[in-house]
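Here is the structure we will look at, set down as structure tokens.
The values are calculated or read from the model by the stated rules, or taken from the named source; none is laboratory data. Here the structure is a predicted model, which means the values were calculated and not measured. Cβ placement follows ideal geometry from the backbone for every residue including glycine, while neighbour counts extend to all protein chains displayed.
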């Protein structure tokens, strides 16, 4: 039976979109997830929502226990996962408020657990990662966003940095040369672990800023990111609710 997991990023910690929500306290072999899980229905689709950074955004990107988050959703019976995230744009065409349906990532993190296999004692684990985002979910997200007349890009490569600091100008320009289209601090380990767990995963990223490569603008600040995200978060919620209709079909 279909059960969708939604991992909310900045601004999506408490979305009021679930019918008859129940709170699930789940512990995993990898510790506790960032928050309790909210289980309910959206358009008659069983849905579980997890706040990536905690309900009060108390966990920095490095502190998030990505392994526990994915494992908790798996233990809750989730069959598919959609991640929502804020991102910085590394391309002029991806303006503030635009959505990007990610299709590739570059992992530039340093300190995170990005596999469930702490050892190969029970056999080697080498998960294929050529195409880390599920094509069926990506297609549904993109087509639904177009139907809603949202500003959306059908693909994009995200570079995930360690954070919590923002990039230097040199780094931002380097990421552009590498082929990254957007930048954030969460997607790479999350996508890796979902793939390792065998759960189809897709992510919708909302551009909130131009990082710092675009030197005709002031470098990004956290307050500016939150302001843009909060102005546009209704688009992400609208998209997720409408996607449920498509998935249900």
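State yes or no: is residue 234 more than 21 Å from residue 69 (Cβ to Cβ) and at pLDDT 95 or above? So residue 234 does not fit the description; no. Please specify each residue of segment 52-72 satisfying the condition of being farther than 20 Å from residue 193 by Cα and either at pLDDT 95 or above or within 16 Å of the chain's Cα centre (by Cα) (or both). The answer is 55, 57. With respect to the conditions (1) crowded, with 24+ Cβ neighbours inside 10 Å; (2) within 15 Å of the chain's Cα centre (by Cα); (3) at pLDDT 95 or above, residue 90 lacks only one, and its number is (2). How about segment 4-51: which of its residues are modelled with pLDDT of 95 or more, buried (at least 16 other Cβ atoms within 10 Å of the Cβ) and farther than 18 Å from residue 84 by Cα? Residues satisfying the conditions are 26, 28, 30. Of everything in segment 150-200 that is over 27 Å from residue 54 (Cα atoms) and without any contact (Cβ under 8 Å) to a residue 12 or more places away in the chain, the residue that is surrounded by the most Cβ atoms within 10 Å (Cβ to Cβ) is 171.
When segment 117-128 is filtered for residues that are touching a residue at least 12 places away in the same chain (Cβ under 8 Å) and either in contact with a helix residue (DSSP H, G or I) (Cβ under 6 Å, 6 or more places away or on another chain) or on the phi > 0 side of the Ramachandran plot (or both), only 127 remains.
If the condition is being over 20 Å from the mean Cα position of the chain (by Cα) and over 22 Å from residue 205 (Cβ atoms), then segment 110-147 contributes 117, 118, 119, 120, 121, 122, 123, 124, 125, 126.
When segment 133-149 is filtered for residues that are surrounded by fewer than 18 Cβ atoms within 10 Å (Cβ to Cβ), in contact (Cβ under 8 Å) with a residue 12 or more places away in the chain and in contact with a strand residue (DSSP E or B) (Cβ under 9 Å, 6 or more places away or on another chain), only 136 remains. Could you tell me whether segment 213-222 includes any residue that is assigned to a helix (DSSP H, G or I) and touching a strand residue (DSSP E or B) at 6+ places or on another chain (Cβ under 9 Å)? Checking segment 213-222: not a single residue is assigned to a helix (DSSP H, G or I) and touching a strand residue (DSSP E or B) at 6+ places or on another chain (Cβ under 9 Å).
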